[in-house]
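Values quoted throughout were computed directly from the atomic coordinates according to the rules given, and no laboratory measurement underlies them. As the structure is a computational prediction, the values presented were derived from the model and not from experiment. Quick reminder, even Gly has a Cβ in these numbers, built from the backbone with ideal geometry, and neighbours come from all protein chains shown.
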Amino acid sequence: MKIIHTSDWHLGRTFHGTDLSAAYAAWCDFLVGYVRREEIDAVLICGDVFDRGIPPLPAVRLLSDTLSKLLETTQVVCISGNHDAPGRLSFGSSFMIPQMHFRTDPAQCADPCVLRRKNGDIGALVYGIPYLDPDLVRQNIQHEAQANAPQSRPLPARSHEAVMKAALQNIRSDMTAGKYADLDVPRIVMAHTFVTGGVGSDSEADITVGGVNCVPSSLFRLKRGGRLIPDYIALGHLHGPQSVGMAGDPPMRYSGSPIALSFSEENQKKSFVRLDFPHSSPTGANAEEFRTPKISLVPVPQLRRLTSIHGTLAEITDGRYSSASDDFVRITVTDPVRPENLRLQLKKYFPYLSELKFAGAGAGEKMNRARSIKQTPLETLTDFFTIARDRPLTGEETDLLRETWEELRKGGTQ
């Protein structure tokens, strides 16, 4: 079996206001082409397919078109993430072709998606855990737990760890006593969550509940007769490609987002994970090797790079950074005095200027002074306009600001 692990597509997202449609189209074309060329058996999408619950129509069309092309030659398993609206993402799943599997309902965590080889034999079982919001899913998770156990268990606590543990207990029950318990095939668990030890980026939404945003990797140590049952844990949520977990855990990775979504990802090498399981099913002592995947990373080409630039306006525009003219750039200007029309000047050289910061001499000191809690609101406003315009306000401007502030203050007390 040849399986691709991806996550965090975030279709419909912009980059500092710039449309990313072309970048997403390039990513989807690359994925479809790779799957066809390499004859991939299945593609896993570990949540945050869209960037928001009600995605823009072009993003919906792109996903629909991409899935249609993928399903011509492969199978797809998709779970929902914290950015997705589960009901919308899985719309129509009840009448889709058997090769398309959606897992957006927590009550279906223990219902494995059956992946088949080219000859029709079962090649792998995939258990999909969508993003579990403790406030929303505790009851559903508990219903499934009660259905799988003669003695009812207490309702899971209001935490990510508690609901994830309940979901994994249900999965373990199916792995050890379900329909396919005795089938000797690889078993994969997909989850959209923050596993302890993972390194986050600025572009990920905070999922903290009860002061905690992560779950321990040891929860995934599902065992049968002392042997780990899961052969791979496919994770989504963190945008940087990385391996997580500790000794004693099954292999687990974040594939990361296919394109960069913030400057905190500037140095990340975007990729997806490829899993290669042997295509023959040995017996006896070699059975363990049959279930152990070869893990490799496939680089994803980026339509536009991210570049950070720091220096005076003269240094930035003298040609030394000409190779970044087509990049998304963030620029920190260090002139002693803020140049006039700074953004307009820089846009001539860097059309995709995304972040601009002025850090001239004394700028930090001025900003700290403007933030002082000892200042009156009017003094804070005066400092703000002084910093923004790089000069003191004139007497006329000061009078106008004072009059405007008084009118606003009086209006707020009426």
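So which residue, out of 266, 72, 396, gets the largest mean-square fluctuation from a GNM of the chain using Cα contacts under 10 Å as springs?
396
Choose one answer from 317, 404, 193: the residue with the largest mean-square fluctuation in a GNM of the chain with alpha-carbon springs under 10 Å.
404
What number, rounded to the nearest 500 deg cm²/dmol, is the helix-based mean residue ellipticity at 222 nm of the chain, given -39500 (n - 2.57) per DSSP H run of at least four residues and division by all its residues?
Helices in the chain give a 222 nm mean residue ellipticity of -9500 deg cm²/dmol.
Helix check for the chain. Which DSSP H runs span at least 24 Å along their own axis by Cα, with a mean Kyte-Doolittle hydropathy no less than -0.5?
Passing helices, by number: 21-38, 160-177.
Amide H neighbours of residue 195 under 5 Å, counting only residues 5+ apart in sequence or on other chains, H built in-plane at 1.01 Å?
Here the answer is 215, since their amide H atoms fall under 5 Å of that of residue 195.
Would you mind checking the range 329-346 for residues with the amide N under 18 Å from a putative spin-label position 7 Å along Cα→C-beta of residue 318?
332-337, 339, 346
Near the amide H of residue 116, under 5 Å away, which other amide H atoms are found, from residues 5 or more places off or on another chain, if H is placed in the peptide plane?
Counting only residues 5 or more places away or on other chains, the set is 123.
Would you work out which of 250, 32, 90 lies farthest towards the positive end of the dipole of the range 2-299? Charges go on Cβ: Lys and Arg +1, Asp and Glu -1.
Projecting each Cα onto the dipole axis, the largest value belongs to 250.
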